[in-house]
Amino acid sequence: MRNIINNELFEKIVEDYYKLVYKVCFDVLHDTYEAENISQDTFLSLYKNFYKYSCLKNNEIKNLICKIALNKCKDYLKSSQFRLVSSIEDKDNFANSITDNNSIDDSLIKKERQMLIKKVVNELKEPYREVITDYYFNNLTLDEIAEKLGRDKAVIKTQLYRSKKILKENLKGGDLFE
């Protein structure tokens, strides 16, 4: 019976605070797609530990949810996946390709850009593909990659630099960056 009450309480909390959490995420990230993902991730984290928080008052729950959302946004902004997309993006050319501030268009363009980046990364020759995948998508450090591949750290650093340069060149030739 306790689980039913907790699930009902959790559903009520999601109903009451989803828009607030989404707004907090969107205000930090300025991206509808990522704000949606992180909002859902926030409530998933709350659900996993809900037994700890089910006795909190409404204001305390509201503060807790906002804090979780902010921390998840900060983690995303520090993530290597965000750094990859940001470093490859040529902001001037990209801004010229967008005519309106329509959030749906922005979201679709970002999804297309992410798919293009993944496609171009997968087309890289070895060792560049493995190094950039390990660094940006698997969140490995240069030392960890060097140890994994049995190469010197300086070699890995050079390969990472060259792979980013190749990616930038290949992406500039794509439809999204003309």
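Once the piece of chain linking Lys118 and Tyr33 is laid out straight, how much longer is it, given 0.36 nm per residue of separation minus the C-alpha distance between them?
28.9 nm
When a footprinting reagent is the concern and you count Cβ atoms within 10 Å, what order do Arg162, Arg113 take, fewest first?
Taking fewest neighbouring Cβ atoms as first place, the list is Arg162, Arg113.
May I ask you to evaluate 6.51 cos²θ - 1.76 cosθ + 1.60, the Karplus curve with θ = phi - 60°, for each residue of the stretch 111-124 and list the ³J(HN,Hα) values in order in whole Hz, giving x for glycine and proline?
4, 4, 5, 5, 5, 5, 4, 4, 5, 5, 4, 5, 8, 5
Measure up Lys111/Lys153; Lys19/Lys78; Lys111/Lys148; Lys48/Lys110 against 28 Å on the Cα-Cα distance and list the ones that go over.
From the list (Lys111/Lys153; Lys19/Lys78; Lys111/Lys148; Lys48/Lys110), the Cα-Cα distance tops 28 Å for Lys111/Lys153; Lys111/Lys148; Lys48/Lys110.
Between Val155 and Tyr53, how high is the FRET efficiency from 1/(1 + (r/R0)^6) when r is the Cβ-Cβ distance and R₀ = 45 Å? Nearest 0.05.
Efficiency at R0 = 45 Å is approximately 0.40.
How far, in nm, would the chain grow between Lys125 and Asp16 when pulled straight, counting 0.36 nm per residue and subtracting the alpha carbon separation?
Gain in length upon complete extension: 34.3 nm.
How far is it, in nm, from the label point at Asn139 to the one at Glu60 when both lie 7 Å from their Cα along the line to the Cβ?
Placing both labels 7 Å along Cα→Cβ, they lie 3.0 nm apart.
Taken together, the values in this text are just the output of simple stated rules run on the coordinates, not laboratory data. Note that the coordinates shown come from a computational prediction; the quantities given were computed from them, not determined experimentally. Because the Cβ atoms are built from the backbone with ideal geometry, glycine has one as well, and the counts that use them run over all protein chains shown.
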